[in-house]
Amino acid sequence: MKQNLSLDDVFMFLAVADSSGLAGAARLTGSSVPTLSRRMAELERRTGRRLFHRGNKGYRLTAEGRLLVGEAESLRTLAARLGRWTSEERSLPRVRIAAGMWTSRFLARNISRFWSGDDEWMPEFLASNATVDIARREADIGIRNRRPEQAWLAGRRTHVIRHAVYAAGPDVSGFVTIAPGAATTPSDRWLKASHADNIVTTASDARLALDLALSGVGRIVMPCFAAHGEQGLMRISDPIEELTHEEWLVCHHDARHDPPVRKALDAIHGLLTESRAEG
């Protein structure tokens, strides 16, 4: 073909070919007969090929016209798929929120305080102690323990996070923590560096470690906000200064202008700065 073709013209061509004339194609496309006649003549001019035999019996395809029908056949499938897509009920845009285990659990347990079914976005949680790559859009929002240093990331400070030692009772000795090889946190690394001889057992994730602590197997180092209100758990130490850090909401500079992401940032920021109980 000599020039790029308009897909609109090709769809009109298929309608004329299917109807063997302009009147039937006009009913299919909603275009007038004169418009279709002019567009088919222009299509032949642009391709440099005669596509129809015109006569009293309508528009009959030439050999070149039949070849074009074959080339354009896949457009019928595409048109049907697009038609189904536009007719489907629009789902809410999902905002992926990546955070550590304790913060993800806190957000999930308090979701009604920052999100409802009437909001125009849907939260999707990625709970992991490993850092999720926001630059590659593995998540829309990250909650991290330091201010972002990369130029393409924007950050909003939320709160100061403190940690302490918790146990089922004051007489519990030894510690439970995350097993070697799992994605760890600063509190896990601090515990292994300062109390390695007092670790009685490990678990594959933080939730299991908490269950062991609640059962009296050992003590656990936790963020104060996560331990606050946990039935059967009591704080048995002052906040650990070495583990005190700021918390930051992080997202890509481009993504923060997307309305669903902006609404999610504002809602989560409000919860983490104003409503989080530090214990």
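Some notes on this structure:
- Residues in the range 231-255 that are within 30 Å of residue 120 (Cβ to Cβ) and either crowded, with 19+ Cβ neighbours inside 10 Å or in contact with a Phe, Trp or Tyr (Cβ under 7 Å, 6 or more places away or on another chain) (or both): 247, 248, 249, 250, 251, 252, 253, 255.
- Single residue of the range 190-204 satisfying the filter (exposed (fewer than 15 other Cβ atoms within 10 Å of the Cβ) and in contact (Cβ under 8 Å) with a residue 12 or more places away in the chain) that is nearest to residue 104 (Cα to Cα): 204
- Only a single item in (1) touching a residue at least 60 places away in the same chain (Cβ under 8 Å); (2) surrounded by fewer than 19 Cβ atoms within 10 Å (Cβ to Cβ); (3) within 24 Å of the chain's Cα centre (by Cα) is not met by residue 127, and it is number (1).
- Residue among 78, 61, 14 that is buried (at least 17 other Cβ atoms within 10 Å of the Cβ) and out of contact with any strand residue (DSSP E or B) (no Cβ under 9 Å at 6 or more places or on another chain): 14
- Test: residue in the range 81-101 that is surrounded by 15 or more Cβ atoms within 10 Å (Cβ to Cβ), under 26 Å from residue 225 (Cβ atoms) and over 15 Å from the mean Cα position of the chain (by Cα): yes
- Residue within the range 220-230 that is under 14 Å from residue 106 (Cβ atoms), touching a residue at least 40 places away in the same chain (Cβ under 8 Å), surrounded by fewer than 14 Cβ atoms within 10 Å (Cβ to Cβ) and among the acidic types (Asp, Glu) present: no
- Condition broken by residue 120, with the remaining ones in (1) surrounded by 11 or more Cβ atoms within 10 Å (Cβ to Cβ); (2) of a type outside the set (S, T, N, Q); (3) modelled with pLDDT of 80 or more; (4) over 28 Å from residue 208 (Cα atoms) satisfied: (1)
The values are calculated or read from the model by the stated rules, or taken from the named source; none is laboratory data. The model shown is predicted, which means the values in this text are computed figures rather than measured ones. When we count neighbours, we look across all protein chains shown, and the Cβ atoms used for this are built from the backbone with ideal geometry, even at glycine.
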